[in-house]
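The structure appears below as structure tokens.
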Amino acid sequence: MAIYSVNSRLIIAIIASLTISLTGPSSFAQIFNSEQNPPGVKWRQINASGFRIIYPTELEKEAQRMSNTITHIYPYVGASLGELKTIIPIILQNRGVIANGFVQLAPKKSEFYTTPPQQFDSQDWLNNLAVHELRHVAQFDKLTGEKAQPFPETVYFAWLGVSIPLWYFEGDAVSTETSLTNAGRGRIPSWIMPYRTQLLEGKKYSYTKSNFDSEKDLTPGYYQLGYTLASRIREASGKYVFDSVLTDIRHHPARLYPFSKSLKKFSGKGTTEWFRTNTEKLRAEWTEQAHKTPSKDYPVLNKKADYATSYFLPVKINDQQIIALKQSKGETPHFVRIGPDKKEKKLRAIGLQEQPWFSYAKGVLVWDEVRYDPRFKQQSFSVINRYDLKSGRVHKLSSRSRLFSPSLSSDGSKIIAVRYDLSNQANLVELDAKTGATLHTYPNPNNLILQTPSFNPDGTAIAFIAVTEQGKELRQLDRNGKTEVLIPFSQQQLSRPIYFSKGIAFNAHYNGIDNIYYLDIASKKISALSAAKYGAFNPAFSADEQTMIFNNYGIDGYEITETSIQAKAPGESHFVFLGAAAAKQENTGNVFNHIPDSSYTSKTYGGLKNLFRVHSVNPVIEDEYRGGLQINSDNLLNTMNVFAGVNYFRDLGRFEYNAGFTYKGFYPVLGVTYRNRPRRAFYNSSKGVQQGDWRENDIRLAATLPFSLNALNDNYNFSFSTTTSYTKRYHPENMPKNYINTLKFPLEYSFSFTHSIRQSERDVAPKWAQILRLTYLHQPFDKQLTGDLFAAETFFYFPGIARNHSFLANFSFQHSSGIRTFDQQINTVYGYNNIPAINILKNTLLLNYRFPIAFPDAEVGALAYVRNLRGGLFCHYENLGEDTNLSQPKTFGFELRSSMNLLRYQPVVDIGARMVFVNKFYHQNPILELILNYSF
């Protein structure tokens, strides 16, 4: 979650800003999105029964379909909360390649990312988004009303974030998507698999650990935890229990833990009581399922780690070696080669993927990877990379493409992949594996959602998964475009088909647990190839096809294992369907069965009137002496922010009035801020030190050009900005006669460059990064105020002596003159503000070493959930080469920090203390600094 600030002010009401989101299988967090689309996108809108569907012109067909769908299903989605209508804009985003969706306030809107993922539920992707996200709309409306007045959306947003646990929002939405459709994640064994594994392996995680995650273990997460709790609560307390709970919260909001208290009022138990009850029932139900479902233990071929680690998509490259994609809490994703003694060799780190994926053949790896537009981050691409094991070279086979799940032919000459265009048309495309050139595009006249294709051994046929609202099916396609349905539509989670001599192997959950099966193409008979206790995935076969290597899910993640090939009957399903009670209560069947097919009138969306959307009046605080109110406007496409406010200066007894805007629709980001404010200064006179007051009008203009690039695991950022201002002072009180009343357009230029590699979850700071910042300030238009300042800052991060350690060397230099002589532009030593200055600051050398100490996942009652304990050592120098008596560091010392969730609330609070020892030259006692930060 993001901390939202305007004009460097802390907006109190947003400190717990909340974004409700539906994420894909990789379950990365969707933050509050403030990014823009490229300026060339043409937008249209459809107004339908309170919904305003805003979409790029390429999505006209999908927008018409969604207009019919959303208006039809919303009364069913909101029924159990008593919400049958709403008013909300819904934006269809088609420029990105990461499947997602979210609902937010400030401004109130929902966004659907329309490109389907390569593995998800067994129904249409946009339908999946619609039922889930509309439930969030109903939740918000129940708590805030359809139209909140007068503009308190940011306050509501903060209130929701601190008063209601995320597991409720997401669990209730997953329960709804499962109850109202024939699909839903509540019916997918692999989705609930981490939770089931944890309980059956005897792990007893606390409520807070299960909810807030861990930096060492795999935990259920608030989606899975929430679904099981929401299902259990509805089963015991009826269809309308959450309607009663949310209504009570709205009527009595000012309480500690309002959700738990209201829940206990209407269900008899609070959140932790329900967690304990649910845990014991789940353990019993899943234990019974395990007893009824035969399973087999498999040998582990990878080494064990001290924290959660997965080895995805293992494949044997010879009798002795295995290639896999390794991901863990302590390392970023990379390919590894594993020998017979489980010894690993790191081959190549990679970048962000929509889901873990690669394909191997003839000494070559190919995979898809997300690349972002350098400026407009709503636009992203999925490109294909090729890695040659022999040469160690990486070659990018596509640029600005939308290609997914590339799979090599057995001879390594061709690639088959899924391509989506901006209208959401899907096609299978055949590419040259060396050049990336398109060789053939296969037609898809019914625009089925396509997933995870693969070639047969001689490259003459392709197996793939097709998805519609009817479910998933396995199909085979030949070079002439002839299609054969091998497994007809069903709710089975079919995925990743691959050929071998007996037929096509694939994943499904016929026995209620994800396992590996195969289809005899001629007879259409389905047989099981694995009998995993928790889940088996991603099969690959030895050259003689006597054994199969695959992923077996365990308590620490996806392990590598191998078994002989023995076909067995699929077995009977004993899947524990937790959503049965809620589905019976809703009694709707599939809400997508009878969607109307009306034609809606669309019109152009854009223009001046859509730049403004006033949504909130926020309390604001700048420091302990200044506070006030600010009204905010943010348009729906994240291109325009406007604010106006008033602050009271308690120390001066006067008010400040301010206004401004930021426009982000062009390549440069443009900003203007106006402030009419009181000011105070002290000066020497013949009467001694005098106090002078005045007011001033200050207008500030800024332009920033930000660019960023990502490639493999490297990230590059460039930024150039320029700022100027004009200040006119008036109403002087007790000011000297010669005081300057006009400040004419001082100029500030800054440039920054950053290169860094991806960080893992357990890294306390970058392990490898370089940063350069240059700043220049001067007054070319104001001859009575001479002087300038030039500053250069460099940061070099290096790996420490152990994993997840980081060493930083920060050398900074500044030269100032005239009125800028005493300005401070560079980083200073720790304790700087508590040490008397001897000379003008000219340079600093700051050496910092940071490291993790422990990851306790400790629950201190309801007070805190302690996630980690980190340490740091520092040694800081000032004015090197200038002060001959300071050859020793000016300050040095250590710090201890810990990240934790306080009072079972969502914000992660960083608490710590720093002990600063000062060079004896200053005759200064040690300084104790307290550290307090927070993030979402």
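Derivation of every value follows stated rules applied to the coordinates shown; laboratory data play no part. Treat the numbers as computed from the prediction; the structure is a model and nothing was measured. A quick note on method: Cβ atoms are made from the backbone with ideal geometry, for glycine too, and the neighbour counts reach across all protein chains shown.
Overview of results
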{"quantity": "Gap separating the Cα centres of the stretch 804-820 and the stretch 584-634, nearest whole Å", "calculated": "43 Å"}
{"quantity": "Mean projected area (nm²) of the alpha-carbon convex hull when the stretch 208-317 is viewed from all directions", "calculated": "10.4 nm²"}
{"quantity": "Reach of Lys108 by Cα under 20 Å, taken over lysines that are not fewer than 8 positions away in the same chain", "calculated": "Lys85, Lys142, Lys147, Lys609, Lys664"}
{"quantity": "Charged-residue dipole, Cβ positions (Lys, Arg, Asp, Glu), the stretch 73-131 about Cα centre, Debye nearest 20", "calculated": "240 debye"}
{"quantity": "Sites Thr277 and Lys303 - FRET efficiency at Förster radius 45 Å, r taken between beta-carbons, to 0.05", "calculated": "0.70"}
{"quantity": "Spatially proximal lysines relative to Lys414 (Cα-Cα < 17 Å; intrachain offsets below 8 disregarded)", "calculated": "Lys362, Lys396, Lys434"}
{"quantity": "Kirkwood estimate for the chain, i.e. one over the average of 1/r between Cα atoms, Å", "calculated": "30.5 Å"}
{"quantity": "Shape parameters for the stretch 299-430, alpha-carbon atoms, Rg then Dmax in Å", "calculated": "15.8, 50"}
{"quantity": "Scaled radius of gyration (Cα, divided by 2.2 N^0.38 Å) that the stretch 155-228 gives", "calculated": "1.20"}
{"quantity": "Total charge dipole magnitude, the stretch 312-444, about the Cα centre, Cβ charges on Lys, Arg, Asp, Glu only, Debye to nearest 20", "calculated": "460 debye"}
{"quantity": "Calculated FRET efficiency for the pair Arg650/Arg255, C-beta based, R₀ 45 Å, to 0.05", "calculated": "0.90"}
{"quantity": "Which of Tyr387, Tyr716, Tyr849 has the fewest Cβ neighbours within 10 Å, and the rest in rising order", "calculated": "Tyr716, Tyr849, Tyr387"}
{"quantity": "Between the stretch 672-725 and the stretch 897-936, the Cα center-to-center distance that results, in Å", "calculated": "28 Å"}
{"quantity": "Length gained when the stretch Ile801-Ser490 is fully extended (0.36 nm per residue, less Cα-Cα span)", "calculated": "106.7 nm"}
{"quantity": "Distance violations [Cα-Cα > 20 Å] among Lys472/Lys584; Lys316/Lys346; Lys239/Lys264; Lys482/Lys524", "calculated": "Lys472/Lys584"}
{"quantity": "Measure of compaction for the stretch 361-564 (Cα Rg per 2.2 N^0.38 Å)", "calculated": "1.04"}
{"quantity": "Translational diffusion of the stretch 75-227, µm² s⁻¹ [Kirkwood Rh, Cα pairs; Stokes-Einstein; 25 °C; 0.890 mPa s]", "calculated": "147 µm²/s"}
{"quantity": "Efficiency of FRET between Leu439 and Arg337 - r from beta-carbon atoms, R0 25 angstrom, step 0.05", "calculated": "0.25"}
{"quantity": "Overall dimensions of the stretch 540-693 as given by Cα atoms, namely Rg and Dmax in Å", "calculated": "32.8, 101"}
{"quantity": "Whichever aspartates and glutamates have a C-alpha closer than 16 Å to that of Lys292, once near sequence neighbours (fewer than 8 apart) are set aside", "calculated": "Asp514, Glu572"}
{"quantity": "When the convex hull of its Cα atoms is projected in every direction, mean area for the stretch 75-125 (nm²)", "calculated": "4.8 nm²"}
{"quantity": "Estimated distance in nm for a label pair at Ala854 and Ala580, the labels positioned 7 Å out from Cα along Cα-to-Cβ", "calculated": "4.5 nm"}
{"quantity": "Relative contact order of the chain, defined on C-alpha pairs under 8 angstrom at six or more residues apart (%)", "calculated": "10 percent"}
{"quantity": "Contour minus Cα-Cα distance for Lys728 and Lys42 (0.36 nm per residue)", "calculated": "242.7 nm"}
{"quantity": "Within the chain, helix-based [θ] at 222 nm, where runs of 4 or more DSSP H residues each add -39,500 (n - 2.57), nearest 500", "calculated": "-5000 deg cm²/dmol"}
{"quantity": "Of Ser210, Tyr648, Ser760, farthest towards positive along the dipole that unit charges on Lys, Arg, Asp, Glu beta carbons give the chain", "calculated": "Tyr648"}
{"quantity": "Relative contact order %, the stretch 361-564, counting alpha carbon pairs below 8 Å whose residues are six or more apart", "calculated": "9 percent"}
{"quantity": "Kirkwood hydrodynamic radius (C-alpha pairs) into Stokes-Einstein, the stretch 736-826, 20 °C and 1.002 mPa s, D in µm²/s", "calculated": "136 µm²/s"}
{"quantity": "Relative exposure of Ser231, Ser898, judged by other C-beta atoms within 10 Å (fewest first)", "calculated": "Ser898, Ser231"}
{"quantity": "Using θ = phi - 60° and Karplus 6.51 cos²θ - 1.76 cosθ + 1.60, couplings along the stretch 206-220 (whole Hz; Gly, Pro as x)", "calculated": "6, 4, 5, 5, 4, 8, 9, 6, 8, 9, 9, 10, 7, 10, x"}
